[in-house]
Amino acid sequence: MITQTTALLVDAYRELCAKKLFWITMLLSVLVVVVFAMVGINEKGMKFLVWQLPADFNGVTITSETMSPGLLYRTMFSNLAVPFWLSWVAVILGLVSTAGMIPDLIQGGTIEAVLSRPIGRVRLLLTKFAGGLLFMTLQVFVFSLLVFLVIGIRGKSWAPEVFLAVPIVVAMFSYLFAVCVLLGLITRSTIAALLLTLLVWMVVFIVNMGDGISVGIHEQLKADQRVEQARVERMERNAALLMLNEANEQRQADGLPELESLESTPSAADLDARDVRLPAARSRIAELDESIGLAGTWRRLIYLGKTVLPKTQETIGLLERWTVDRQALRSLAGMPEDEDRRADQEAAQATQDAIGNRPLWWILGTSFIFEALVLGLAALIFKRRDF
Amino acid sequence: MTDAVVSIRDIHKKYGRFGRSVHALRGVSMDVPRGSIFGLLGPNGAGKSTLVKILITAVKRSGGSGTLLGEPIGKKETLAKVGYLPEHHNLPKHLTGRQVIEFFGAMTNMPKAARRKRADELLDLVRMRDWHDKKVGGYSKGMRQRIGIAQALVADPDLVILDEPTDGVDPSGRRDIRLMLQKMRDEGRTVFINSHLLGELEQVCDAVAIMHKGQVVSMGSIEQLTEGMLRYEIQVDRPEPMSLVSSLVGEPGTLRTGETIEATDNRLLVGTTEAAAIQPVLDAIRSGGGMITEVRTHRPSLEDLFMRAVEEDDSPGAARGKTGGQS
């Protein structure tokens, strides 16, 4: 059994090495890391080769005094290299390279020779699947190794946690590759399997976007409501103070001692009479309450829908969760004094936290269940098919 | 049951479902004796490849039963002792000839050292030693066929199933393959060949089965199948030789003594193996002024058998499942 599995994996490796795309992807990875290494940081701000970049970056001042080179490279790795290079370009190149694996296996003249050997069909399919993952494993490992060296040498901070990219990106790739295997088995066509897999990925991406938007709107509405609530409370306090002043003026005129506070809690009507903006503000809170309820319903529905799909975005997000100190980055940005801008920033952070802190079992567990179901279906088809 | 390497009974295979199904095999039964070269022949679409694929588990049978090397068909472990070369095989182009042989050896759970040693032997056997480290993608059809045969033999199998082994191979390559088949038999292996090249099969096969429309229409050794079909062929120096022997003919196509007789061009074919029975015919030819240029016994070729079996099967009211006494 081990001999067969090893032979199939070695064969998959040889097949990959024989593909030009494998080496092109590897070369591109090296180029990305070279560009990565060209970025530097000094007391004036960031540098790219000899060019000095402005210190102010999206409202955040980035200099060697506010951010260590190590943190800069880690942030670049988790915020740029992983989400853009490893989770998009490398995955697409990986799918292009491996999409033909199953259609090639099941073509006439190949599959019969393999099936005529004492190997179970399900094991054959799963080993081929593992062979496909080998592509991404090698690519991400080489990329992570180079990034590790850049962070260590240029950032003077050794960050072995970058190797977490290997299992995380491979896990994310495996969700899509499982779909590609199933579609390759059904259609027997490399092109069809690839295009349909990209279509599935697009659907997942759209649902992810919908999720981000629904969480963002929900959190923004909640932050707006908090601001509005604080504003109403402030207006009510001012109106109550006005009523107390009026009462004390009357008592002074009547020769009575001043009151420390109002004798009874003022009614909303009394307060509204003192500040004409209060009814509109209260109405706005009620409207926000209704909108929050609606946005919350959408948020829950999309979350439920996402539960049955592979969590590509959240899986990649695990790398940021485990490699970057989010609070340290937030402290760099500070908190704006303007109430509305602060609410916006709080909403953005709450959205980031809501998505970024989702439970690990939900992110990986449900994604692997999806993958297992897809692979199970593929195995069932493969087991029952005549070749 | 004799010592049969392949023994199948009433195998059926239907492809497709509902109204569009195709009945590819309609109750195939056969026994392949150990240590023989057994030819399976038939026209395209006869069901030969389907039958072979059922044996190697690439296709699941719809009905029937059978054993392969004494074990029920479908048992994966048995396949360790079976070598198989598919028709139009597609060997991994990214591997060298040696790597292909070793890969299929590993797929049969052979240890690394044994694979390496066996690959050396087989590269010599198939005369591919000089090309062992070149990628299969650069091989000619004949070279791929040689490596294909080598991979089939890598696990030292008891049964070798070859689907169209000489397809696309030049005459010298065919002769080499023929010699390899004989060597396999001499080593005690059973060789099961699926081919439509009748001349090739005739030269090496100990027994054949002729398939047509999903059924075995004839089966047995070539001697058994031609039994009763031997004839004397008398060649004379003129056309229409029947006129020379008309005095001996009773019913049309039959001599008065009962033997069949027919004429083609300048030949007379007399349905007998008895030399005495043709003496009156020879006398009649001479007395009629004809000159006899050749007299020989005539055994039908495999092609004759094949055509006869297929044509009989196609004729209205044809009986199915005739065999030549194969046990």
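The values are calculated or read from the model by the stated rules, or taken from the named source; none is laboratory data. Source: prediction; values computed, not measured. Here Cβ is always computed from backbone atoms with ideal geometry, including for glycine, and neighbour counts include all displayed protein chains.
For segment B:83-114, the set of residues classified as surrounded by 14 or more Cβ atoms within 10 Å (Cβ to Cβ), at the interface with chain A (Cβ under 9 Å from one of its Cβ atoms) and of a type in the set (D, E, K, R) consists of B:E87, B:K93, B:E102, listed by residue number. With the structure loaded, tell me whether A:L80 is among the aliphatic types (A, V, I, L, M) and within 13 Å of chain B (Cβ to nearest Cβ) or whether it fails that test. No. Is it fair to say A:F173 is under 16 Å from the mean Cα position of the chain (by Cα), surrounded by fewer than 20 Cβ atoms within 10 Å (Cβ to Cβ), in contact (Cβ under 8 Å) with a residue 24 or more places away in the chain and assigned to a helix (DSSP H, G or I)? Criteria not met by A:F173.
For B:R146, are the conditions met, namely being farther than 23 Å from A:L16 by Cβ, away from chain A (no Cβ under 11 Å), surrounded by fewer than 22 Cβ atoms within 10 Å (Cβ to Cβ) and not polar (S, T, N, Q)? Spell out the reasoning first.
Working: farther than 23 Å from A:L16 by Cβ: yes; away from chain A (no Cβ under 11 Å): yes; surrounded by fewer than 22 Cβ atoms within 10 Å (Cβ to Cβ): no; not polar (S, T, N, Q): yes.
No; evaluated as a whole, the condition is false for this residue.
In segment B:250-272, which residue that is among the β-branched types (V, I, T) and not in a strand (DSSP E or B) is farthest from B:I292 (Cα to Cα)? Give the steps one after another, and end with the answer.
Quick first cut of segment B:250-272, residues among the β-branched types (V, I, T) only: B:254, B:257, B:260-261, B:264, B:270, B:272.
Now narrow it down to the ones that are not in a strand (DSSP E or B): B:257, B:272.
Values: B:T257: 21, B:T272: 18 Å.
My answer is B:T257.
Checking B:T96, B:T166 one by one, the residue that is within 30 Å of A:R121 (Cα to Cα) and within 20 Å of the chain's Cα centre (by Cα) is B:T166 and no other. For segment B:67-82, the criterion of being among the hydroxyl-bearing types (S, T, Y) and either within 30 Å of B:W131 (Cα to Cα) or surrounded by fewer than 18 Cβ atoms within 10 Å (Cβ to Cβ) (or both) is met by none of the residues.
Conditions tested, residue by residue: (1) more than 30 Å from the chain's Cα centre (by Cα); (2) within 14 Å of chain B (Cβ to nearest Cβ).
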{"site": "A:E43", "(1), (2)": "yes, no"}
{"site": "A:M67", "(1), (2)": "no, no"}
{"site": "A:D104", "(1), (2)": "yes, yes"}
{"site": "A:F129", "(1), (2)": "no, no"}
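The sole residue among B:R174, B:R178, B:R185 that is basic (K, R), in contact with a Leu (Cβ under 9 Å, 6 or more places away or on another chain) and surrounded by fewer than 23 Cβ atoms within 10 Å (Cβ to Cβ) is B:R174.
Please enumerate the residues belonging to segment B:119-155 that are more than 12 Å from B:I101 (Cα to Cα), in a loop (DSSP other than H, G, I, E, B) and in contact with a helix residue (DSSP H, G or I) (Cβ under 8 Å, 6 or more places away or on another chain). Matches in segment B:119-155: B:R127, B:K134, B:Y139.
Please verify whether A:I213 is within 25 Å of A:M76 (Cα to Cα), in contact (Cβ under 8 Å) with a residue 40 or more places away in the chain and either buried (at least 18 other Cβ atoms within 10 Å of the Cβ) or under 20 Å from the mean Cα position of the chain (by Cα) (or both), treating the condition exactly as stated. In short, no.
Results for (1) of a type in the set (G, A, S); (2) modelled with pLDDT of 90 or more; (3) surrounded by fewer than 16 Cβ atoms within 10 Å (Cβ to Cβ); (4) over 30 Å from A:P279 (Cα atoms), shown as yes or no for each residue.
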{"site": "A:S144", "(1), (2), (3), (4)": "yes, yes, no, yes"}
{"site": "A:G155", "(1), (2), (3), (4)": "yes, no, no, yes"}
{"site": "A:I191", "(1), (2), (3), (4)": "no, yes, yes, yes"}
{"site": "A:L198", "(1), (2), (3), (4)": "no, yes, no, yes"}
{"site": "A:Q225", "(1), (2), (3), (4)": "no, yes, no, no"}
{"site": "A:A230", "(1), (2), (3), (4)": "yes, yes, yes, no"}
{"site": "A:P257", "(1), (2), (3), (4)": "no, no, yes, yes"}
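Candidates in segment B:193-206 are the residues that are among the hydrophobic types (A, V, I, L, M, F, W, C) and surrounded by fewer than 22 Cβ atoms within 10 Å (Cβ to Cβ); of these, the one that is farthest from B:E164 (Cα to Cα) is B:V204. Filtering segment A:3-41 to residues that are farther than 18 Å from A:F148 by Cβ, free of Cβ contacts under 8 Å to residues at least 24 places away in the same chain, of a type outside the set (D, E, K, R) and more than 9 Å from every other protein chain (Cβ to nearest Cβ) leaves A:W23, A:L27. Just one of (1) among the aromatic types (F, W, Y); (2) under 21 Å from A:F173 (Cα atoms); (3) at pLDDT 95 or above trips up A:W322, so point out which. Looking at each condition in turn, A:W322 falls short on (3). Among the candidates B:L230, B:L225, single out the residue that is touching a residue at least 60 places away in the same chain (Cβ under 8 Å) and over 30 Å from B:A24 (Cα atoms). The conditions single out B:L230. Among the residues of segment A:341-363, those that are among the aliphatic types (A, V, I, L, M) and crowded, with 17+ Cβ neighbours inside 10 Å comprise A:A343, A:A347, A:A350, A:A354, A:I355, A:I363.
Residue by residue, here is whether (1) in contact with a helix residue (DSSP H, G or I) (Cβ under 9 Å, 6 or more places away or on another chain); (2) aromatic (F, W, Y); (3) without any contact (Cβ under 8 Å) to a residue 60 or more places away in the chain holds:
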residue	(1), (2), (3)
A:V60	yes, no, no
A:S64	yes, no, yes
A:G70	yes, no, no
A:R74	yes, no, no
A:V82	yes, no, no
A:W85	yes, yes, yes
A:W88	no, yes, yes
A:I92	yes, no, no
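Condition (residue is within 14 Å of another protein chain (Cβ to nearest Cβ), modelled with pLDDT under 95, buried (at least 21 other Cβ atoms within 10 Å of the Cβ) and under 17 Å from B:F192 (Cβ atoms)) applied to segment B:31-47: is it met by at least one residue? Yes, segment B:31-47 has at least one match.
Table: residues versus (1) within 30 Å of B:A209 (Cβ to Cβ); (2) hydrophobic (A, V, I, L, M, F, W, C); (3) loosely packed, with under 14 Cβ neighbours inside 10 Å.
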position	(1), (2), (3)
B:E223	yes, no, yes
B:G228	yes, no, yes
B:E233	yes, no, no
B:V245	no, yes, no
B:L248	no, yes, no
B:P252	no, no, yes
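From the list A:V200, A:V181, the one residue that fits, being in contact (Cβ under 8 Å) with a residue 12 or more places away in the chain, part of a helix (DSSP H, G or I) and under 13 Å from A:P310 (Cα atoms), is A:V200. When restricted to residues that are free of Cβ contacts under 8 Å to residues at least 24 places away in the same chain and at positive phi, segment B:1-44 contains 2. Within segment B:17-66, the residues that satisfy the criterion of being closer than 15 Å to B:V217 by Cα, among the aliphatic types (A, V, I, L, M) and outside any strand (DSSP E or B) are B:A46, B:L51. Considering segment B:67-82, the residues that are part of a strand (DSSP E or B) and out of contact with any strand residue (DSSP E or B) (no Cβ under 7 Å at 6 or more places or on another chain) include one that is farthest from the other protein chains (Cβ to nearest Cβ), namely B:P72.
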